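Heads up: the structure comes next, in structure tokens.
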Amino acid sequence: MSKSRRKFFIDTDAGTDDAVALIMAMKHPGIDIVGISTSGGNVPLDCVVQNVLYIKELCGHGAPVYVGAAKPILRILDTADFIHGKDGLGDIGLDLTGRVPEEGDARDQLISTLHAHVGELELICLGPLTNLAQIEQREPGILSLAKRIYIMGGLVTLPGNVTPMSEFNIWADPEAAQIVLGAKAKFTMIGWDTTCASSDFTVEEIAAFRHIDTEIARFCADIQNVRINWMHEHKEETAVNLADPLAMAVALDPTLIDRKEYFTMTVRSGEHADPYRGFIDAIPSDDSSTVEFIHTVDRQRYVSLLKSSMTKEGIVL
Ligand code: BDR
Ligand code: CA
């Protein structure tokens, strides 16, 4: 039984939708989360670490959490707390202090875990790619030891969510994204366009999570309020785009994939305010060793997987 369990290492900048994605993995009976690495991103690193530790507690899960990169390789950290809340979990009054992560640096742990499970470890990346880039810089070729690397980030169809050309995780640390996507490894990418196509939720759909009537379901709904209010004020449509849960769903169950395409990808750097900062030049390819980009998933089955992770039983296979 334990032999057939998949091994995930999750890299996160938690983040409200990272939180929901982490819950999905923690509530899946077929996954061993062998480690969680953190980086600054949606909110500063200290908040990210506390948030992941809180979510672990909420789920009663024992995954080890490690502290990683506080900031992008070259750039200043530019957070997205107007969407995720100052504390990164929607400012709903949670006590997000005092929890203690594992000793040891996340990048050291990623390296040693990849060596310990050659060809078996699946990396699920839900934030800027700083930690992964830094281990590839330190030990060129290390990422090729992963079974597959799932990336929430980027896009091949415009527009993006930071600039019209770019998505947050790639925009935040474009140098890291180029190092990672330039490495030899098997990549599956779930983009901002994928998210808009398959993981848009109305305010009512988010509110309906509460009908599941568990602490986890209420948490998943409540933490979206900062984003909902911001969308009300700044956008005509109030959709909640749950990017990271969609990426996690693809990793948990690749049979959800509906339409995909392969691309060779190069990431543009760009000055701070350059609209092309983090833009991905994506060239369609026939070669399945290039980046597998997911365009759409079976939404009905995806939503059902998402909601089942919030139930008392968790995901039942
Ligand atoms: C990505 O950026 C963050 O706001 C989300 O957590 C997601 O990882 C979407 O662009
Ligand atoms: Ca994220």
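The values are calculated or read from the model by the stated rules, or taken from the named source; none is laboratory data. Computed from a predicted structure; not experimentally measured. Neighbour counts are summed over all protein chains in view; Cβ atoms, including those assigned to glycine, are modelled from backbone coordinates with ideal geometry. Please note that ligands, DNA and RNA were not included when accessible areas were found on the heavy atoms of the full protein model with its side chains. Shrake-Rupley method; radii C 1.70, N 1.55, O 1.52, S 1.80 Å.
What to note about this one:
- Of the numbered criteria (1) more than 16 Å from ligand 1 (Cβ to nearest atom); (2) open to solvent by 40 Å² or more (accessible area, probe 1.4 Å), the one Lys235 fails is (1).
- From the list Phe279, Phe293, the one residue that fits, being touching a Phe, Trp or Tyr at 6+ places or on another chain (Cβ under 7 Å), of a type in the set (Phe, Trp, Tyr) and either free of Cβ contacts under 8 Å to residues at least 12 places away in the same chain or open to solvent by less than 40 Å² (accessible area, probe 1.4 Å) (or both), is Phe293.
- Residue in the stretch 109-132 that is more than 20 Å from the chain's Cα centre (by Cα), in contact (Cβ under 8 Å) with a residue 60 or more places away in the chain, more than 16 Å from ligand 1 (Cβ to nearest atom) and assigned to a loop (DSSP other than H, G, I, E, B) present: yes
- Take the conditions (1) within 16 Å of ligand 2 (Cβ to nearest atom); (2) surrounded by fewer than 22 Cβ atoms within 10 Å (Cβ to Cβ); (3) under 25 Å from Ile31 (Cβ atoms); Cys196 misses just one of them, which is (3).
- Qualifying residue in the stretch 98-106 (condition: within 15 Å of ligand 1 (Cβ to nearest atom) and at pLDDT 95 or above): no
- Selection over the stretch 22-36 of residues that are closer than 25 Å to His115 by Cα and within 14 Å of ligand 1 (Cβ to nearest atom) gives a count of 1.
- Of note, Arg218 satisfies the criterion of being basic (Lys, Arg) and at pLDDT 95 or above.
- Residue within the stretch 12-21 that is closer than 22 Å to Ile149 by Cβ and more than 16 Å from ligand 1 (Cβ to nearest atom) present: no
- Those helices (runs of 4 or more DSSP H) lying entirely in the stretch 137-222 with at least 3 residues closer than 11 Å to Gly278 by Cβ: 168-172, 174-181
- Single match in Ile76, Ile23, Ile92, Ile83 (criterion: closer than 21 Å to Leu317 by Cα and of a type in the set (A, V, I, L, M)): Ile23
- As for the stretch 298-305, it holds at least one residue that is crowded, with 16+ Cβ neighbours inside 10 Å, part of a helix (DSSP H, G or I) and free of Cβ contacts under 8 Å to residues at least 40 places away in the same chain.
- Selected residue (only one of Ser4, Ser39 is hydroxyl-bearing (Ser, Thr, Tyr) and more than 17 Å from the chain's Cα centre (by Cα)): Ser4
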